[in-house]
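Report on the structure given below.
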Amino acid sequence: MRATTYAGDNPPMHPVRTIQLILGLGLLFPALSNSAPLAAPGEMALRHDIQVLADYGAISGPVTTWPLSWDALLADLEKTRADNVVLPNAVVPTFERVLTRAQHEAKRGQHSLTGHLSVGEDPTQIRGFSDTPREKGEIGAGYSWFSKHLTIDLNASYVDQPVDGEDFRGDGSQIGVDLGNWSVAASTMDRWWGPGWDGSLILSNNARPIPSLTLGRNRTNAFKSKWLSWIGPWDMNLMFGQLEAERAVPNAQFFGMRINFRPSKSLEIGISRTAQWCGDGRPCGLGIFTDLLLGKDNIGDAGTNIDNEPGNQMAGFDARWTNLWFGTPVSVYGQMIGEDEAGGFPSRYLAQVGIEASGITRGQYSYRWFAEVAGTSCDIVKSTVLYNCGYRQRIYLSGYTYRGRIIGHGLDNDGLVVSSGVVVVSEEGNSWQVLGRFGDLNRVGPELQHSVAQVPTEMASIDIQHTRTTSFGRFDIGLGFERREDMATGANTRDARGFLRWTSP
């Protein structure tokens with residue numbers, strides 16, 4: 001019989017100890033290290049540019065798992081140039097813009113200091129890919145240095161009137177080393193897993209980043225083996241995170257794993273899995289984690305009961321397929337994430353599906369439009385939908401959250417919302433974004449735990465954002481309007497929102 005250990009006997013690694021471990025690995029394995037800086041999620045214009053180049057074959061690796069390795073991007077772009085790959089004339093400015101950025105970001109031995117300041121009113125409760133402010137005011141600074149042996153990217157900020165009570169934050173930081181083509185890091189960086197533009201059902205930047213020990217590939221080269229080379233360029237990411245103490249199961253841990261690959265230039269596939277496990281008063285240790293990995297976590301399976309259930313898992317897959325229609329890339333994409341497990345496979349799926357296209361205007365502005373629909377009820381694709389199921393669990397009663405916000409899609413559970421947006425980018429890299437949403441939140445409520453609507457609510461919103469880079473830094477300005485109606489009483493509210501953010505050059 002396997003002995004069961006508990007969180008109190010086997011405490012999770014403290015973040016400071018994790019950082020010390022990373023620093024120690026950097027000293028022990030200098031010959032194997034070639035530290036890789038990362039492109040964090042949040043810049044819609046950059047993501048649009050990278051996706052354009054991926055669709056035209058200038059980037060061969062997967063691009064739906066963020067953060068992305070600048071080394072991988074730079075390697076693909078330099079190979080495209082060395083191979084004299086012919087790109088449409090309209091795409092050349094995008095190629096040059098991203099290549100210049102990648103050469104700067106991947107340069108070793110450089111030190112940089114940054115600063116940022118933002119002010120806003122009524123920040124949005126539902127966060128898409130764009131890095132919009134979470135709070136009414138924030139000021140911060142950062143320091144970064146990359147060498148062959150070590151990545152140091154430290155950021156600190158002070159937040160005014162934080163919803164979660166955390167005035168000082170270290171979000172967006174990373175200390176890491178590389179072992180061959182693998183990067184190990186202590187990280188508080190945002191993550192985004194999936195092809196969606198307005199949400200990811202399993203891991204997005206809606207919640208603040210979870211402090212984690214991470215492992216990922218730096219370059220996404222394909223296997224050389226004839227048995228595996230067919231999957232094409234591939235990427236893999238692991239994360240072992242620590243959730244907060246102020247929750248129903250204090251100090252629960254978070255595990256995430258994602259593999260994505262491109263078997264052809266037109267197709268990208270991702271497989272993701274996450275779990276909440278361990279925590280004060282819950283079984284922990286290697287044996288429990290092994291059961292978690294093997295899927296032995298349903299009540300009644302192999303003697304599993306509420307006392308020894310390993311954790312709360314979500315898993316599923318996503319895909320994005322592109323074709324050149326009328327000379328421009330048009331793509332369809334989808335994500336299916338199971339809230340439960342049956343027969344070793346995910347079940348009770350949440351779903352998201354979308355369509356997008358990109359092009360170039362006569363004035364040499366690069367643009368993209370997208371439309372997607374997301375449903376966060378279980379079995380949303382079936383005729384009988386299960387409510388009060390998505391992002392909820394009978395043991396981890398705080399739900400699939402970190403510091404009060406959903407780790408997956410910002411709709412929280414039982415939402416059904418259509419999103420549509422446009423991104424326009426100039427040759428200089430300045431951008432304009434428009435995003436509209438309409439649909440239903442918390443469709444059966446009431447639920448006081450719901451993070452965006454405690455009662456069934458109809459909502460419609462529009463947000464406009466402009467980003468401009470100057471010699472004084474980058475400026476982001478956003479304006480939005482949202483209307484909500486209580487589906488039971490008919491009472492409605494109308495709110496305007498806005499923000500202004502400055503980031504140093």
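The values are calculated or read from the model by the stated rules, or taken from the named source; none is laboratory data. Everything numeric in this text was worked out from a predicted model, so none of it was measured. For neighbour counting, all protein chains shown are included, and Cβ atoms are generated from backbone atoms with ideal geometry for every residue, glycine included.
The table for this structure:
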| read-out | value |
| --- | --- |
| All positions within segment 325-370 that are over 17 Å from Val434 (Cβ atoms), within 26 Å of the chain's Cα centre (by Cα) and among the aliphatic types (A, V, I, L, M) | Val330, Val332, Met336, Ile337, Leu350, Ala351, Val353 |
| Residue in segment 131-146 that is part of a helix (DSSP H, G or I), among the aliphatic types (A, V, I, L, M) and more than 30 Å from Asp412 (Cα to Cα) present | no |
| Qualifying residue in segment 288-299 (condition: of a type in the set (Asp, Glu), at pLDDT below 95 and not in a helix (DSSP H, G or I)) | yes |
| Meets criteria (at pLDDT below 95, within 24 Å of Gly436 (Cβ to Cβ) and over 21 Å from the mean Cα position of the chain (by Cα)) for Ile395 | no |
| Unique residue being of a type outside the set (S, T, N, Q), touching a residue at least 12 places away in the same chain (Cβ under 8 Å) and over 20 Å from Met314 (Cα atoms) when the list is Ile231, Ile269 | Ile231 |
| Flag if Ala374 is touching an Asp or Glu at 6+ places or on another chain (Cβ under 9 Å) and either in a strand (DSSP E or B) or surrounded by fewer than 19 Cβ atoms within 10 Å (Cβ to Cβ) (or both) | yes |
| Top-ranked residue in segment 80-99 [being assigned to a loop (DSSP other than H, G, I, E, B) and hydrophobic (A, V, I, L, M, F, W, C); ranked as surrounded by the fewest Cβ atoms within 10 Å (Cβ to Cβ)] | Val86 |
| Extreme residue, farthest from Ser173 (Cα to Cα), among residues of segment 100-119 that are assigned to a strand (DSSP E or B), at pLDDT 95 or above and among the small types (Gly, Ala, Ser) | Ser118 |
| Leading residue by the ranking (modelled with the lowest pLDDT) among those in segment 257-287 that are of a type in the set (Lys, Arg) and closer than 29 Å to Ser229 by Cβ | Lys265 |
| Cβ pairs under 6 Å, 6+ apart, first in segment 400-427 and surrounded by fewer than 23 Cβ atoms within 10 Å (Cβ to Cβ), second among the charged types (D, E, K, R) and modelled with pLDDT of 95 or more | Arg403/Arg208; Arg403/Glu244; Leu416/Asp440 |
| Failed item, numbered, when Ser272 is tested on (1) in a loop (DSSP other than H, G, I, E, B); (2) among the polar types (S, T, N, Q); (3) closer than 17 Å to Arg320 by Cα | (1) |
| Residue match in segment 251-259 (condition: in contact with a helix residue (DSSP H, G or I) (Cβ under 6 Å, 6 or more places away or on another chain) and crowded, with 19+ Cβ neighbours inside 10 Å) | no |
